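The next block holds one structure in the form of structure tokens; read it before the comments.
The values are calculated or read from the model by the stated rules, or taken from the named source; none is laboratory data. Only a predicted model underlies this, so the values are computations on that prediction, with no experimental measurement involved. Don't worry about glycine lacking a Cβ; one is built from the backbone with ideal geometry, like all the others, and counts go over all protein chains shown.
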Amino acid sequence: MTLPLILFFACAAIAVIGALLVIFLREPIHSALALILVMVSLAVLYLLLGAEFIAAVQIIVYAGAIMVLFIIVIMLLNAGEEERTNLSKMARYAGLPLGIFLTLDLVYWLSHAALAAPAATGAVSTESADPTRDLAFLLFRSYLFPFEITSIVILIALLGALVLAKKDS
Amino acid sequence: MEFVAQHPILVVSIVKIVVLLFVLMTALAYLTWFERKVVARIQSRLGPLYVGAHGLLQPLADGLKFLFKEDLTPPASDKFVYILAPFLALSLALTTLALIPFGPATLTILGQPTNLGITNSSIGLLFVFAITSIGVYGVALAGWSSNSKYPLLGGLRASAQMVSYEVSLTLSVVGVVLLAGTLNLNDLIYAQSGRWFHFIPRWNVIPQIVGFICYFISAIAETNRVPFDLPEAETELVAGFHTEYSSFKFAMFFMAEYANMITVSCLATILFLGGWLSPLSSAWRWPLYLPGALLLIGGVALVYDTAILQRGIARIQLAVISVGALVLGAICFIPSVMPVVQGPFWFLLKVVFLLFFYVWTRGTLPRFRYDQLMDFGWKFLLPVALANLVVTSFVVLVLNR
């Protein structure tokens, strides 16, 4: 057992447990906290892969910005414990079979992909002095157009939110 | 044991963490003393005076008092989150300091070359911002979990304020990153070495003066200090998010606030004031003796104070401190130690100057109103930081042609 391997298993376990807690905890704030736990442990997994920039951005964007918004909304709404209901007709006859089918699908493809994985990653990983610089080149040279399009989409969403919020006054 | 032998870097890191934690906790305690003394002087008072010489044992007394107070938990609170919040606040505040480099010198400990800082990450700056960005949770969760009106309002205010000012805090720093072309804190300092016209140090404060001012104002707001301490405005919110906290949990919030002050000052030193670089010319030899000489002068002054002014316990305590200062000063003159202490000496000097500036602001300015605070952040600070970023990137582009 090397140190990165121990760290990997610890963080993977924390991520899985956190994801389960998000679903099973009944207090909304506790679920949100569990989700933050998942995000942070994912960031550690990125770190172990050598993707420092992605790890930092993961924490800044997801844990530091989006989840703060979630928490503030939950605090403002003062949402109580969630209520449990029995399965609705829709969930029982359409949702449940679809869920089971998709899970089996995922298990099938993952078990086959795992065998092919080492060769694939070996081809992709290139040792570079500064991965952040490489990422910047990719974003601002090779994929500049999709990158800018994404920013415009986000801007439009922002304007849409503003229009909706201003409606009453 | 075999595991430890295979990973000497782990052992060295743990030793460094323990040392830094010890130094930091002492520094936190004495920062409160420093603040009370300076504010007292600004307001023509004397400040802490009776506990030890010059009130130097006051932080110790405060710490003991915190420990022995009754630890109340409001019955309607969310127990788990209520306990988690102060832990989050303090541990995140302390984690950031792991990324700060305190000096350039490379020591060899256990055959392992180590620098004067716990880590040296290639994207150190981003990690500092990543950790400060999740620092909001401590305050927000404390406000929510207390299940009480004032803490909730304080927590909401604090999180809104911290999220707002984080934007201009981050943007004001991007100019520096553009000039240096790196996110590594060590390289950011090295990029500031050299001089203009052979005597003005090439520190980022001069080309990035707008960025520096934006950074410092946002940093004061980010750490919830006067004049931006709306989250704990005692005239409106009792004590804000930590109203329901008592005993050591309250002390943890208190320590987190001061640790954040230190972190922010360290970062300002690294980004804008040239970090550990000396402002004096490296051609001269006498600045090398400066740290030792200053400690010796301080020690002699303390000896005089001990002999003439102090009585009783205070005399014994001050005698110990002055002997310590004299011994440290003498150690700084040992040829092998001299180059090692240069970096930390200048670094700490700049940090103390910035901390003084913090306290000075607190002693001078009144508190903002909440709408003024938000207007100032979004309508003034953010556009200025953005304009600074645009101008800087334009200049960098033209100069690199």
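Overview of values
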read-out: Matching option when the condition is within 18 Å of B:Leu116 (Cβ to Cβ), of a type in the set (S, T, N, Q) and free of Cβ contacts under 8 Å to residues at least 60 places away in the same chain, among B:Ser336, B:Ser278; value: B:Ser336
read-out: Hits in segment B:118-131 (condition: assigned to a helix (DSSP H, G or I) and more than 8 Å from every other protein chain (Cβ to nearest Cβ)); value: B:Gly124, B:Leu125, B:Val128
read-out: Filter result for the condition that a residue is basic (Lys, Arg), surrounded by 15 or more Cβ atoms within 10 Å (Cβ to Cβ) and either under 23 Å from B:Leu354 (Cα atoms) or touching a residue at least 24 places away in the same chain (Cβ under 8 Å) (or both), over B:Lys69, B:Lys16; value: B:Lys16
read-out: Answer residue from segment A:61-72, given it is at the interface with chain B (Cβ under 8 Å from one of its Cβ atoms) and β-branched (Val, Ile, Thr) and is surrounded by the fewest Cβ atoms within 10 Å (Cβ to Cβ) among those; value: A:Ile72
read-out: Residue identified as surrounded by 15 or more Cβ atoms within 10 Å (Cβ to Cβ), among the hydrophobic types (A, V, I, L, M, F, W, C) and without any contact (Cβ under 8 Å) to a residue 60 or more places away in the chain among B:Leu318, B:Leu381, B:Leu354, B:Leu326; value: B:Leu326
read-out: In segment A:15-34, the residues that are within 17 Å of B:Tyr137 (Cβ to Cβ) and either at the interface with chain B (Cβ under 10 Å from one of its Cβ atoms) or out of contact with any Gly (no Cβ under 7 Å at 6 or more places or on another chain) (or both); value: A:Gly18, A:Leu21, A:Val22, A:Leu25, A:Glu27, A:Pro28, A:Ile29, A:His30, A:Ser31, A:Ala32, A:Leu33
read-out: B:Ser218 vs. criteria in contact (Cβ under 8 Å) with a residue 12 or more places away in the chain and either within 13 Å of chain A (Cβ to nearest Cβ) or over 19 Å from B:Phe376 (Cβ atoms) (or both); value: no
read-out: Failed criterion for A:Glu52 (all others in (1) modelled with pLDDT of 85 or more; (2) surrounded by 19 or more Cβ atoms within 10 Å (Cβ to Cβ) hold); value: (1)
read-out: Helices (runs of 4 or more DSSP H) enclosed by segment B:306-401 - at least 2 residues per element that are among the aromatic types (Phe, Trp, Tyr); value: B:338-364
read-out: Residue that is nearest to the chain's Cα centre (by Cα) [pool: residues in segment B:181-204 that are closer than 16 Å to B:Leu99 by Cβ and in a helix (DSSP H, G or I)]; value: B:Leu185
read-out: Positions within segment B:69-102 being within 12 Å of chain A (Cβ to nearest Cβ) and either over 12 Å from B:Leu141 (Cβ atoms) or of a type outside the set (Ser, Thr, Tyr) (or both), in sequence order; value: B:Asp78, B:Lys79, B:Phe80, B:Val81, B:Leu84, B:Ala85, B:Leu88, B:Leu92, B:Thr95, B:Leu99
read-out: Residue within segment A:44-60 that is over 15 Å from A:Cys11 (Cβ atoms), part of a helix (DSSP H, G or I) and more than 8 Å from chain B (Cβ to nearest Cβ) present; value: no
read-out: Hits in segment B:150-161 (condition: more than 8 Å from chain A (Cβ to nearest Cβ), over 17 Å from B:Asp371 (Cβ atoms) and crowded, with 23+ Cβ neighbours inside 10 Å); value: B:Pro151
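Per-residue answers, yes or no, for (1) polar (S, T, N, Q); (2) surrounded by fewer than 19 Cβ atoms within 10 Å (Cβ to Cβ); (3) more than 30 Å from B:Ala191 (Cα to Cα):
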position: B:Val81; (1), (2), (3): no, no, yes
position: B:Gly103; (1), (2), (3): no, no, no
position: B:Ile118; (1), (2), (3): no, no, no
position: B:Leu125; (1), (2), (3): no, no, no
position: B:Ser145; (1), (2), (3): yes, no, yes
position: B:Ser172; (1), (2), (3): yes, no, no
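Yes/no matrix, rows are residues, columns are (1) crowded, with 18+ Cβ neighbours inside 10 Å; (2) at pLDDT 90 or above; (3) farther than 25 Å from B:Gly124 by Cα:
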position	(1), (2), (3)
A:Met1	no, no, yes
A:Leu5	no, no, no
A:Gly18	yes, yes, yes
A:Phe24	no, no, yes
A:Glu27	no, no, yes
A:Ala34	yes, yes, yes
A:Val38	yes, yes, no
A:Leu48	no, no, no
